[in-house]
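Trainee: Just dropping this structure here.
The values are calculated or read from the model by the stated rules, or taken from the named source; none is laboratory data. Note that the structure is predicted; figures quoted are calculated from it, not measured. Cβ placement follows ideal geometry from the backbone for every residue including glycine, while neighbour counts extend to all protein chains displayed. Accessible surface is based on the protein model in full, side chains and every heavy atom, while ligands, DNA and RNA are left aside. Shrake-Rupley method; radii C 1.70, N 1.55, O 1.52, S 1.80 Å.
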Amino acid sequence: MRIGVDVGGTFTDFVFVLADGALRYHKVPSTPSDPSSAILRGLGDMLPSLCEDVEALVHGSTVATNAVLERKGARTGLAVTRGFGDAFFIGRQIRPSLYDLDVPLPVPLVAPADVVEVQERRTPAGAGTDALTDAEIARVVGVLRERGVDSVAVSLLFSYVDPIHEERLAGALREAGFSVSTSAEVVREYREYERTSTAVVNAYVAPVMDAYLRRLQESLTGDFRIMQSNGGSMAPGEARRLPVHTILSGPAGGVAGASKIGHLAGHPRFITFDMGGTSCDVALHDHRVSVTSESSVEGLPLRVPVVDIHTVGAGGGSLARLDAGGALVVGPQSAGADPGPACYGRGELPTVTDANVVLGRLSEKHFLGGRMQLHADRARRAVGTLADAMGASLEDVAAGIVRVVNSGMERAIRVISVERGHDVRDFSLLCFGGAGGLHAVDLAAGLEMPRVFVPGSPGTLSALGVLGADVIKDLSRTVLGLSLDAIEEVLAALEREGRQVLAREGFSRDVRVERMVDLRYAGQSYEITVYYSSGFENQFHDSHQRVFGHCNREAPTEMVNARVRLVVPTPSVEIPEIAPGGEDAAGAIAGTQACWFAGWHDTPIYERDLLRAGNVVQGPAIVAEFTSTTLIAPGMSGRVDGHGNILVEVKR
Amino acid sequence: MNALELEIFNNLFASICEEMGVALCRSSFSPNIKERKDFSCALFDPAGRLIAQAAHIPVHLGSMAYAAAGVVEKFHPGEGDVLIFNDPYEGGTHLPDITVLCAVEHGGRRVGYLANRAHHSDIGGIAAASMPISKHIDEEGLRLAPTSLMEGGRWNESLLEWIRGQVRTPEERDGDLRAQVAALHTGRQRLLEIVGRYGEARVQVAMEDLIAYAERTSRAAIGAVPDGTYVFEDVLDDDGIDPGPFAIKAAVHVNGDALKVDFAGTAPGVRGNVNCPMPVTVSSVYYAIRCLFEKSAIVNHGSFAPVEIDAVEGSLVRAVYPSAVAGGNVETSQRIVDVVFGALHQALPTRIPAASQGTMNNVAIGGFDFLRGRNFAYYETIGGGMGARPHADGLSAVHTHMTNTMNTPAEALEQHYPFRVVQYSIRRGSGGTGRHRGGDGIVREMEVLVGCECTLITERRLYAPYGLNGGRPGKRGRNLHIRKGRSEELGPKVHVLLEPGDRLRIMTPGGGGFGG
């Protein structure tokens, strides 16, 4: 039996793949203070009845992320080249917001007093202009011991060329009992601030991750892996050494799961749309999961590969209000989990979810399987206050709130597509669970996207993605100024290093190797990653043409980084087919309710679990399931495919 | 149109500008546009009034709003025409900022104008990076009064040829200009799509309503400022040619929901390069007022309708031809903000911060790099201390007010230029003391490995950033030239020759403190 676990903010989802390929799902409330207890509880619920040995367990972990967000990581020291003690605090010398006089002071992960400057200096050519002496190493160890830090990030200038100074210092620090992260082992690329920041985050979360994994491993048997931010998975040893690779792994499982299901359904070009309570994640998928090495957490840049996800500050809990000029605006303030939307029973202010309740778009009976009561009267009162202030009808205001929040998301989706050189009209909108299905059809219509794709059991998409995530090891090294021969040597060295790491974790067979280089035109500062094979320069010009709209095949190029990705495929998960049926979906109708689409319509409510392959759901319709609701507008229809996905062809 | 639709149309119009920005960023050549994002894009209504803008650089905010109406009225661009201009005396700011503008028609009727403005790192002139210690505008580079770059859809190739001939990096200029025009096409397509979807009449009503809306929010914000006349005066150190100080004085009159800034009492124009063209002055005032609005406020023509600005023609803040203006955009603009905030503090003592570093610390170094066998030209600006706020300390080591561009990493710098960064640190203790401390400045020390020339255009070397309510001033900045261990203090605006092994040590000002 193989198990995928996705730890979300509210629920921890499980997918069990049994020896015969059958799937079982389970869900328990998350336990944010110690996520492992929800995992162990969920396993305890299911394992006895399933009676199979656990071959593999993969899980997405938010431990490192939460340590940073809540500032609960280790007390961390930082060792840097002399003269650069403050470079980490200066960053790129920009302020986060142009017109905000009240911009808050940053709370750094390292206290200024815990930074120690090291007497040493290297140059781009790799030569030491200033040697690192043993006496200096001893002094630095002494200072950090005196400061009382637990973990140390070591980040010296030009260590991407030759990390020997960092390694010598790290060796002594480890011997003295510190947890140590060197910048070159975390990300061996140029640009000192970004490399330092990545190393500091790694050092800050490493002891926390170490303790967490130790606790979990004591209670588990079998192959055990952790989800990475790049859409792959990693063994616990690597997760302990390089926990920074898990920081943005939360949404990566969902995108990985969507990738699988999109391919299976024959729609490999889509934009994912995952709307939660306070924000909404979107990611563009053009036949493969897009990965970027530019990301950040809490304003701190991370230079490790992560699934390219864009977050918009609008969700179901976003508050609607009239601003000083009398415009209806939604967000960025949110009702959060407490008090939450008015319809949850405690809040008073109108939210996007309340607007959907007023419009009859949520089924009270089916909301969270009927476990949570929806207070429609409270939603109407909250939206009504706004309607009174505006002198408009309750329905118009509620529909207005939905349109305003959609227009903001539309703007975000447009920008991410244009930025990546794509036309949004060539993509489907793939919507995850939660509130997304209520907005997806409107949103797609506004963007002229041809179809909305609602995967079967969207609530477990992430757990499926996590389980199917291949073991991936990404390595990179800046090669500015090196000859082609030297770059080949670097690629070979990266591959050797990656294979060693994988072998240490027990993966030495079936390793697939991808070699890539980041290229740019000499003098520019924008790089494009291309596969390193014959004709890679043409590949670069072609990509440059596609993404930037022009290229110059005569212009000299330079290689910035060499990259190697090693992939160990995991057994794929077969998505089971659902029972077939005819076009008539009436068998799944569980009732009707009045629902507003520029006027009240009697709208059937379909139970997702009762839909059969081949069913066609005519709009207007509400399709309800445990954690999500999909709305199909009048005049449109959704077809259920063999795997239980609903595909809505969008009409303008 | 009602309240329900304002935000929807705002999102639509804003997305036109954002997509133009993405297109420009994607297709441009120079790092200054691609990486530092020194550009902005805007949409105007058929009367040339600003409807939406995506600005990464505050100094572009007001100057674009100010530019279009006059240019449109005078030059009447038609469908298929693209105007180009950078003349500070006709719609521009300083010569490196080049603007392109086009009209958009639907069914033979004008539906709006689009423009974008980008900072070109070289447009000729007597010094590398086109930031000289100049005495005449023509020393700063090529100057374009509004002229057709495209006419009826065809490129004005002879103009492009002429531009290429005037600059040091013709390929890059050519590529960047074509990218700017490509971005206009992107914006045009989106605007026409929106007109197609909602109808021309509804789009025009939406533009009108958004202007009225922005004016209401602006009047609400200004209405919250107590009535009265608030006067403040501060100075510029010098102009690179003559010694200062040169006074900048503003009287801010608040009357109900309208506000007037009168620069009477400001010094006359100077011989050096710190003269400030009117659009830059307007931008600086708009920036200060914009900071009083909500962070997410919609900003367009209407936002500044309640704001009137008066300045004597030929004064330091309303430069006339042929005054040199290279430093006006980067330095004088900062002092104008200091002066307007100094006045507003009297009205809003719990909102306005003390003076920030008040300079961009412009450093331009150029010469022949015999180590790499090529000419080089390097330009950077350095952050400093933000003024203390009434309720919090100021941020340290950041760019403040009119700019927000990134630094160049030491590892990139040493890879490409014959420099070595010796020190890059926070200048501890440089922020003014007080109940809340001003942010600290930066110390940046570089050694040059080859002989080269260097231009510094800096401020607050002689007169410190002020504190408020008894807070102490921030420390003044310092420019040091270190040769063989001996250090010489340089003036605020200088051109110096450096020998191999010489070091340049720039210590940027701290912010003023707040409260005794």
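Trainee: Rg/Rh for segment A:183-274 to two decimals, with Rh computed the Kirkwood way over all alpha-carbon pairs.
Mentor: My calculation puts Rg/Rh at 1.07.
Trainee: With a probe of 1.4 Å, find how much accessible area segment B:112-246 has per residue, and write the answer as a whole number in Å².
Mentor: With the other protein chains kept in place, segment B:112-246 gives 38 Å² per residue.
Trainee: Just tell me which lysines come within less than 18 Å, Cα to Cα, of B:LYS249; anything on the same chain fewer than 8 places away is out.
Mentor: Within the straight-line cut-off, B:LYS249 pairs with B:LYS260.
Trainee: OK, next. Nothing charged except the Cβ atoms of Lys and Arg (+1) and of Asp and Glu (-1): what's the magnitude of the dipole of segment A:73-211 about its Cα centre? Round to the nearest 20 debye.
Mentor: 80
Trainee: Right, something else. What average number of partner chain Cβ atoms lie no more than 10 Å from the Cβ of the residues making up B:416-424?
Mentor: Mean partner shielding for this stretch: 4.
Trainee: Would you please calculate the Kirkwood hydrodynamic radius of segment B:3-212 over all C-alpha pairs and express it in Å, rounded to one decimal?
Mentor: When all Cα pairs of segment B:3-212 are included, the Kirkwood radius is 17.2 Å.
Trainee: While we're here: Rounded to whole Å and sorted largest first, what semi-axes of the equivalent ellipsoid does the C-alpha gyration tensor of chain B yield via the square root of 5 times each eigenvalue?
Mentor: Equivalent ellipsoid semi-axes, largest first: 36, 30, 19 Å.
Trainee: Sticking to Cα atoms, compute the Rg of chain A to one decimal and its Dmax as the biggest Cα-Cα distance, whole number, in Å.
Mentor: 26.2, 82
Trainee: Would you compute, for the Cα atoms of segment A:73-211, the largest minus smallest coordinate along each principal axis and list the three values in descending order, in whole Å?
Mentor: 48, 38, 23
Trainee: Go through A:VAL402, A:GLY171, A:ALA469 and say which Cα lies farthest out towards the positive end of the charge dipole of chain A; charges sit on Cβ, +1 for Lys and Arg, -1 for Asp and Glu.
Mentor: Value: A:VAL402.
Trainee: Around A:GLY326, with a cut-off of 13 angstrom between Cβ atoms, what is the net charge of the other residues, counting Lys and Arg +1 and Asp and Glu -1?
Mentor: With Lys, Arg at +1 and Asp, Glu at -1, the net is -2.
Trainee: Select from segment A:13-110 those trypsin sites (Lys or Arg not before Pro) which occupy a DSSP coil region and have at most 12 other Cβ atoms within 10 Å, ordered by residue number.
Mentor: The qualifying sites are A:ARG71, A:LYS72.
Trainee: Let me ask another. Among A:LYS473/B:LYS37; A:LYS651/B:LYS34; B:LYS135/B:LYS295; B:LYS37/B:LYS295; B:LYS34/B:LYS295; A:LYS27/A:LYS72, which pairs are too far apart, with a Cα-Cα distance over 30 Å?
Mentor: Going by Cα-Cα distance, A:LYS473/B:LYS37; A:LYS651/B:LYS34; B:LYS135/B:LYS295 fall outside the 30 Å limit.
Trainee: Restricting to DSSP loop positions (anything but H, G, I, E, B) with no more than 15 other Cβ atoms inside 10 Å of their own Cβ, which trypsin sites (Lys or Arg not before Pro) remain in segment A:516-603?
Mentor: Answer in residue order: A:ARG553.
Trainee: Among the DSSP beta bridges whose two residues both lie in chain A, what percent are antiparallel, rounded to the nearest 5?
Mentor: Bridges in chain A are about 70 percent antiparallel.
Trainee: Another question about this same structure. May I ask for the angle, rounded to the nearest 10°, between helix A:35-50 and the longest principal axis of chain A, with both axes built from Cα atoms and the value confined to 0 to 90°?
Mentor: Once rounded, one gets 60 degrees.
Trainee: Through the Karplus equation 6.51 cos²θ - 1.76 cosθ + 1.60, θ set to phi - 60°, convert the phi angles of segment A:307-320 into ³J(HN,Hα) values in whole Hz; use x for Gly and Pro.
Mentor: 4, 6, 10, 10, 10, 10, x, 9, x, x, x, 4, 7, 9
Trainee: Same structure, new question: Below 8 Å, C-alpha to C-alpha, sequence gap of six or more: please give me the relative contact order for chain A in percent.
Mentor: 12
Trainee: For segment A:278-363, state which trypsin sites (Lys or Arg not before Pro) are in a DSSP loop and have at most 10 other beta carbons lying within 10 Å of their beta carbon.
Mentor: Filter output for segment A:278-363: A:ARG288.
Trainee: How big is the Kirkwood radius of segment B:187-231, worked out from every pair of different alpha carbons and given in Å to one decimal?
Mentor: It is 13.0 Å.
Trainee: Hey, another quick one. May I have the extent of the alpha carbons of segment B:320-363 along their three principal axes, as whole Å values ordered from largest to smallest?
Mentor: Taking max minus min along each principal axis of the Cα atoms, segment B:320-363 gives 41, 26, 8 Å.
Trainee: Turning to a different aspect of this structure: Using the Karplus curve 6.51 cos²θ - 1.76 cosθ + 1.60 with θ = phi - 60°, what ³J(HN,Hα) values do you get for each residue of segment B:107-122, in whole Hz, with x for Gly and Pro?
Mentor: Calculated HN-Hα couplings, in order: x, x, 10, 5, 10, x, 10, 10, 8, 9, 10, 9, 7, 8, 6, 8 Hz.
Trainee: If you don't mind, another one. Order these peptides, A:384-392, A:502-510, B:347-355, by their mean beta-carbon neighbour count within 10 angstrom, highest first.
Mentor: Put in order of decreasing packing, that is B:347-355, A:384-392, A:502-510.
Trainee: Shifting gears a bit: In a shell of Cβ-Cβ distance under 12 Å around A:VAL180, excluding A:VAL180 itself, what net charge do Lys and Arg (+1) and Asp and Glu (-1) give?
Mentor: Result for the local shell: -2.
Trainee: What angle do you read, to the nearest 10 degrees and between 0 and 90, between the alpha-carbon axis of helix A:164-175 and the longest principal axis of chain A?
Mentor: 80
Trainee: Taking each residue of B:176-182 in turn, how many C-beta atoms of other protein chains fall within 10 Å of its C-beta, and what is the average?
Mentor: Taking all residues of B:176-182 together, the mean is 1.
Trainee: Please compute the contact order of segment B:404-516 in relative form: average sequence separation of alpha-carbon pairs under 8 Å and at least six residues apart, divided by the residue count, as a percent.
Mentor: Worked out over segment B:404-516, it gives 34 percent.
Trainee: Additional query: Per residue, what volume in Å³ does the Cα convex hull of segment A:388-517 take up?
Mentor: About 209 Å³ per residue, rounded to a whole number.
Trainee: Please work out, to two decimal places, the log10 of the ratio I(q)/I(0) at q = 0.05, 0.06 Å⁻¹ from a Debye calculation in which every Cα of the protein assembly as shown carries one identical scatterer.
Mentor: Debye intensities relative to I(0), on a log10 scale: -0.35, -0.51.
Trainee: For the protein assembly as shown, what does the helix formula give at 222 nm: sum of -39500 (n - 2.57) over DSSP H segments with n ≥ 4, over the residue count, nearest 500 deg cm²/dmol?
Mentor: -9500 deg cm²/dmol
Trainee: Okay, moving on. With axes computed from alpha carbons, what is the tilt in degrees of helix A:436-447 against the longest principal axis of chain A, rounded to the nearest 10 within 0 to 90?
Mentor: Once rounded, the angle reads 90 degrees.
Trainee: Moving on. No solvent, one uniform scatterer per C-alpha: report log10 I(q)/I(0) for segment A:320-374 via the Debye equation at q = 0.12, 0.17 1/Å, two decimals.
Mentor: -0.31, -0.58
Trainee: What share of all Cα pairs of segment B:140-298, in percent, falls into each consecutive 5 Å distance bin?
Mentor: Histogram of Cα-Cα distances, whole percents per bin: 2, 6, 9, 11, 10, 12, 13, 14, 13, 7, 2, 0.
Trainee: Then there's this: Once the cut-off is 19 Å, how many percent of the Cα-Cα pairs in segment B:353-516 end up in the long-distance tail?
Mentor: For segment B:353-516, the share of Cα pairs beyond 19 Å comes to 53 percent.
Trainee: What is the mean number of Cβ atoms from other protein chains located within 10 Å of the Cβ atom of each residue in peptide A:543-551, rounded to a whole number?
Mentor: That average works out to 3.
Trainee: So, one more: Using modelled amide H (1.01 Å from N, peptide plane; none on Pro or chain starts), what sits under 5 Å from the amide H of B:LEU490, excluding residues fewer than 5 places away?
Mentor: So B:LEU490 has HN proximity to B:ASN479, B:LEU480, B:HIS481.
Trainee: How many angstrom lie between the C-alpha centres of segment B:259-282 and segment B:438-504?
Mentor: 26
Trainee: Among the DSSP beta bridges whose two residues both lie in the protein assembly as shown, what percent are antiparallel, rounded to the nearest 5?
Mentor: Percent antiparallel among DSSP bridges in the protein assembly as shown is about 80.
Trainee: For the interface of A with B, what's the total buried accessible surface in square angstrom, probe 1.4 angstrom, rounded to the nearest hundred?
Mentor: It comes to approximately 6600 Å² buried between A and B.
Trainee: Over 10 Å intervals from 0, what percent of Cα-Cα pairs in segment A:471-568 sits in each interval?
Mentor: Calculated over all Cα pairs of segment A:471-568, the distribution is 16, 44, 27, 11, 2 percent.
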